[in-house]
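Since the structure comes first, as structure tokens, the remarks are kept for the end.
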Amino acid sequence: MADDIFGEIYKEMGANPIINAIGSVTLLGGSTPNKKVKAAMDKADSAYVPLPHLQDVVGKRIADYCNVPSAYVTSGAGAALALAGAAFMAGNDDNLIEQLPNTSNMKGEILIQKCQRYWYDRCVEVSGAQLMEFGDESTATESDFENAINDNTCGVVWVANEMSPGTVVGNNIMTNPLSLEKVIEIAKKHNIYVLVDAAAQIYPLDILGKYVRMGADAQVVAAKYMGASQSVGLALGSTEMIEKIANQSFTGYEGRRIRGIGRPMKVDRQEIIGVTVAVHEWVTMNHEERLAFAEQQSSVMLAPLQNIAGVKAEIIDNIIGNQPFGVKVEIDEKITGISAEQLVDKLKSLDTPIWTRNGSNHEENIIKLVPWALNTGEDKIVGENIAKLLK
């Protein structure tokens with residue numbers, strides 16, 4: 001990593017660039033679009049185009065790539081959640097679209113399993129929807145769901161995770177949510193919509209659009225994981241639902257002159273072209289090569305961390321989802337004289353700071369190193385700096 005290249009533009013502005021060993025997180029900038037995506041975005045500068053028309057054209061392409069009926073490009077997966085919430089409540093009724101986020105005289109409640117409450121469900125509430133819980137902290141039953149549905153219910157949110165059921169959520173409780181199959185079955189019986197947050201569910205490839213094919217009305221995806229810019233996402237769904245989502249969006253606001261909540265959630269023409277290319281690249285690339293490279297980077301980080309007293313370091317062999325492989329470092333503070341939390345702080349205070357993925361609350365003595373966002377040579381720098389601090 002050449003010091004005169006690394007973060008040069010940030011240094012010129014007076015900002016401090018960091019080495020990102022956490023991966024694709026919004027806080028650190030999310031993603032680095034690949035070369036083909038950047039080139040396509042640059043070409044998009046050459047002309048202007050009506051964005052409702054562009055959304056329709058690329059939506060058909062993306063839908064084809066993901067094997068779903070329809071798709072719409074949004075300003076991130078969070079915006080897709082908000083727009084879907086609005087679509088569930090207001091549909092194609094222009095008066096209701098303009099009334100939101102005031103939900104008076106419309107079905108304004110969306111259900112969510114208590115055991116699936118998570119950091120980003122707030123995005124659904126941006127639409128004005130009220131999230132109503134059913135079940136308890138660890139599970140939910142069919143009767144819990146049935147009993148929660150009332151005259152004010154318009155839909156339900158289901159949170160996808162490659163490890164579900166039996167996954168650890170934010171409060172570190174092992175949960176066993178009601179399956180999506182049952183959620184869809186019951187929702188359809190009661191004529192309410194189903195929204196699946198599948199932001200990071202992009203690999204294996206059959207996950208893309210899987211939940212729509214199962215019967216969900218909409219599935220949201222964060223396109224940053226596929227080599228697009230971090231500020232774009234996808235809403236995948238039925239033709240009917242994607243039309244309703246588009247009507248709530250910035251293109252509906254400007255193209256139809258209907259003042260929906262989606263006006264601030266704008267996407268530019270360059271991003272729309274870029275994400276279309278990114279999805280095509282993702283579904284056609286050699287993923288074996290991608291995974292092999294991530295494993296190689298992880299091995300480079302691991303090498304200096306072997307045979308250090310009080311340290312157990314091993315490869316994370318996960319290939320599912322958006323960020324494969326990585327290194328798990330377990331620290332015995334009594335031997336090393338430094339806790340995982342102190343190590344994280346020391347790494348952030350280096351001349352070239354290194355940010356790492358901390359363990360969750362039940363893994364206080366663990367840090368995780370993710371290769372996803374590392375530049376060439378940074379894997380070696382990460383491993384060697386951590387080893388130096390631990391020794």
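Within segment 336-354, can one find any residue that is surrounded by 20 or more Cβ atoms within 10 Å (Cβ to Cβ) and within 19 Å of residue 32 (Cβ to Cβ)? Yes. Residue 293 satisfies every condition listed in (1) over 23 Å from residue 208 (Cα atoms); (2) out of contact with any Ser or Thr (no Cβ under 8 Å at 6 or more places or on another chain) except (1). Name every residue in segment 121-145 that is within 23 Å of the chain's Cα centre (by Cα), surrounded by 16 or more Cβ atoms within 10 Å (Cβ to Cβ), in a helix (DSSP H, G or I) and not hydrophobic (A, V, I, L, M, F, W, C), in order of residue number. Result: 121, single match. The criterion of at least 1 residues that are over 26 Å from the mean Cα position of the chain (by Cα), of a type in the set (D, E, K, R) and at pLDDT 95 or above is met, among strands (runs of 3 or more DSSP E) falling completely within segment 297-373, by 311-315, 327-331. Only one entry in 9, 110, 97 is part of a helix (DSSP H, G or I) and in contact (Cβ under 8 Å) with a residue 60 or more places away in the chain, namely 97.
The single condition among (1) free of Cβ contacts under 8 Å to residues at least 12 places away in the same chain; (2) within 30 Å of residue 226 (Cα to Cα); (3) of a type in the set (S, T, N, Q); (4) surrounded by 14 or more Cβ atoms within 10 Å (Cβ to Cβ) that residue 318 does not satisfy is (4). Restricting segment 189-201 to residues that are surrounded by fewer than 21 Cβ atoms within 10 Å (Cβ to Cβ) and of a type outside the set (D, E, K, R), the residue that is farthest from residue 219 (Cα to Cα) is 190.
The values are calculated or read from the model by the stated rules, or taken from the named source; none is laboratory data. Because the structure is a prediction, the values reported are computed rather than measured. Cβ coordinates were reconstructed from backbone atoms using ideal geometry, including for glycine residues, and neighbour counts include every protein chain displayed.
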